[in-house]
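Chemist: Submitted below is the structure of interest, expressed as structure tokens.
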Amino acid sequence: MIGNVIVLIIIGGIVGLSVWKISRDKKNGVKCSGCPYSKTCGANTVCDDNSQFSVQNSQLKGL
Amino acid sequence: MRIALAGNPNSGKTTLFNAITGKIEHVGNWPGVTVSKKEGDVKRDLRPSGERTRVIDLPGAYSISPFTSEESITSAFVTNADADVIINIVDATNLNRSLMFTTQLLEQGLPVVVALNKVDLLHKRGIEIDENKLSESLGCRVVKTSSIKKQGLKDLMEVAFSVMGKAQKAPFEMRIVNPADEAEFEEAEKERFTYVDQIVNEVESRITESRKQTSHDSIDRVVAHKFWGIPIFAAIIFGVFSISQTYVGPVLADTLVGWIDSFYVYAEGLMGESVAPILRTLLLDGIIGGVGAVVGFLPLIMVLFFLLALLEDSGYMARVAIVMDRHLKKVGLSGKSIIPMVIGTGCAIPGVMATRTIRDDRQRRTTAMLTPFMPCGAKLPVIALFAGVFFEDAAWVGTSMYFVAIAIVIFGALIVQKITKEGYSRSYFIMELPEYRWPSLKRAFVMMLSRAKAYVVKASTIILLSNVVVQIMQSYTWSLSLVEEGMQGTSILASIASPFALLLVPLGFGAWQLAAAAITGFIAKENVVGTLAVVYSISNFIDPEEFELISGANDVAAVMGLTSVAALSYLVFNLFTPPCFAAIGAMNAEMESRKWLWAGVGFQLGMGYTVSYFVYQIGTLITTGSFGAAAFPGLVAVGIYFGILIYLMRRNESEVSMSMGGAA
């Protein structure tokens, strides 16, 4: 019984850490955890690069 | 305090950024590597004061007037005065071109410091630059640096801090012109060019031997040759795969897998028999076994990325872009399309993001749709697994996947060109070829470690969670009772994957386990390996006993129940069907069109299915003398796919002829 609880805690801990890492990466603008160079903005910046591109691309079309 | 790094492409901005922040952003010895801004803090030892200083690495730009969206980031950042100081990185070996941008920056009124970069190359090229005179002419401070050798960085930061808050006067101000009047605009730009020319004549002396052919030119005549270029590229990629997957990689992988195996046995022993079977299976097979199977391929991936980093650093990849340009132009793509595709061999997401350097909407969207066909880092463990299990680690398997990808890209571009009724348009691709240099082992090593870290992070997050979910779905039935021994077909996973497996019978793999692995591959391609490990309970694809990639290759092959041809078909299916969801998200962002996105995903799915079908059926016909299972239903599916493509192409042809008739 005690063994089950310990293993359950270990599994829960590992899964919890994974979920926490993925959600933290998402908040920091990383599109995919573990995908190299998929981050598009700095930690203290608003991740507005894509919306910025949208505006600028439409501006570019007019050039 | 915020410092922006701005300059022409391939002037060394990201190398400087990495040197002053200690970060490891992707650098390449070719232009166009950075397509979005990156931020980091200046290292403590480089800060003259204790103040926290943010550095922003901007994408390369030739002009403040943006022509591509990544240039528009630089332009918007500079014109909105988002920085306290701008460090303008100037390629000292190409002063004339670089100063055009410098004079535009100086017009913005922000304090500018010129980092005269790559000074380590000046002596070799017989160039001398008087930086004091240059500083006087431009009206701003000039510091000599070599970002690659980390020279002059402290001086640069001190000067950057000292000019903060000071007004900047422009030595040349472009007269006010009407931007709509091209002739007037060009005339004004010519004045700027004359001004820059005059400065360069004053400050620079160089031994010009323009007619002399350098050793670099001689190498280029061979490696960028229109006929020899592709075989040389094939030979190099073959060499890279041979070293990473046949010789060095397996030796290193063997040790790592030995450790993972020992850990598995240790954990198993520690739990004993007292722990509930479902928890044991979840921890041992789902987490340790599943993740371990993926991590086991890490050494192979590291060696491969090390070699690719050496190639990139040497300047060779820029030549590959030139070699491919002439082929891509013929099918309506921009020569610039090759850059995202080369970046996509590392990871499809930055590859797709790099398409924003392409100005033409159709070309950008087509490139975003085709870039994920290139085998990315996530697909490499799948290649390694199948090459090892079924083809005795043959390097031709990996190499051929690159060339199948290139063939699909060319075919796909041709189809899109026909569907979008774009006629042949001459496009010009001007890319500054970086000089060849001896690749730095240190830089390649750092790059390799960065990729290895990313691989481990992915294995311990997305892959781990997927394996846990797969293990649970495999262990329970829909009535939430445990699956009985030998009744795996009743599991939740089997019931979901089985209908998909039916569709895959014409491709040679109708087992629900293989279908499940292919489906989880859409979350992350490494999942194919992880899921196969979980569903077949194989924790070790790599033999710890022998210096061979796969232990008892026939055993593993027998468990999967695949012939070599079917295995190749399965590999092709996983490589050339749509990429992971994150890459599809990146496609959505860059395409800016739901219609294009769904068409792209549909095209990828159909193409992966078709290529896989032909590999299996033709391969089976050659090896056994008859077609494989369900050849006719598969042919119908492929026929429907091509029917749709032909209909779309014809529809547009008739629209074109109708509009021409109307015009007549």
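Any read-out appearing in this document is the output of simple, stated calculations on the displayed coordinates, not a laboratory observation. Here the structure is a predicted model, which is why all the values come from computation and not from measurement. Note that we place each Cβ from the backbone using ideal geometry, even for glycine, and neighbour counts take in every protein chain shown.
Chemist: Fully extended, how many nm does the chain gain between B:Leu121 and B:Phe445 (0.36 nm per residue separation, minus their Cα-Cα distance)?
Modeler: The span from B:Leu121 to B:Phe445 would gain 114.3 nm if fully extended.
Chemist: Still on this structure: Calculate log10 I(q)/I(0) of the protein assembly as shown for q = 0.05, 0.06, 0.09 Å⁻¹, where I(q) comes from the Debye formula with a single equal point scatterer on each Cα and nothing for solvent.
Modeler: -0.28, -0.40, -0.87
Chemist: Oh, and also: Exposure proxy check: B:Phe581, B:Phe541 ranked by fewest other beta carbons within 10 Å?
Modeler: B:Phe581, B:Phe541
Chemist: Also: Over all Cα pairs of the range B:2-206, how is the pair count split among 10 Å bins, expressed in % and running from 0 up to the last occupied bin?
Modeler: Spelled out per bin, shortest first, that is 9, 38, 38, 14, 2, 0.
Chemist: Just want the ordering: B:Trp438, B:Trp598, from fewest to most Cβ atoms lying within 10 Å of their own Cβ.
Modeler: Final ranking by Cβ density, sparse to dense: B:Trp438, B:Trp598.
Chemist: Over its Cα atoms, what ratio of radius of gyration to 2.2 N^0.38 Å does the range B:563-633 give?
Modeler: 1.37
Chemist: At a threshold of 8 angstrom on Cα-Cα distance, excluding pairs fewer than six apart, so keeping six or more, what relative contact order does chain B reach in percent?
Modeler: 13 percent
Chemist: Say each of B:Glu186 and A:Met1 gets a label point 7 Å from the Cα, pointing the same way as Cα to Cβ; how far apart are those two points in nm?
Modeler: 8.9 nm
Chemist: May I pose another question? Could you tell me the distance between the Cα centroids of the range B:79-156 and the range B:181-236, to the nearest Å?
Modeler: About 20 Å separates the Cα centre of the range B:79-156 from the one of the range B:181-236.
Chemist: Sorted from largest down, give the three principal axis spans of the alpha carbons of chain B, whole angstrom values.
Modeler: 83, 76, 49
Chemist: Take the Cβ-Cβ distance between B:Ser479 and B:Glu202 as r, set R0 to 56 Å, and report the resulting FRET efficiency rounded to the nearest 0.05.
Modeler: So, using R0 = 56 Å, E works out to roughly 0.05.
Chemist: Among B:Leu621, B:Leu300, B:Leu134, rank each residue by its count of other Cβ atoms within 10 Å, from fewest to most, as a rough exposure measure.
Modeler: Going from sparsest to densest Cβ surroundings: B:Leu621, B:Leu134, B:Leu300.
Chemist: With unit charges on the beta carbons (Lys and Arg positive, Asp and Glu negative) and the dipole taken about the Cα centre of the range B:230-654, which residue among B:Tyr647, B:Leu282, B:Ile462 sits farthest to the positive side?
Modeler: B:Tyr647
Chemist: Given only helices, namely DSSP H runs of n ≥ 4 each adding -39500 (n - 2.57), what is the per-residue ellipticity at 222 nm of the protein assembly as shown, to the nearest 500 deg cm²/dmol?
Modeler: -18500 deg cm²/dmol
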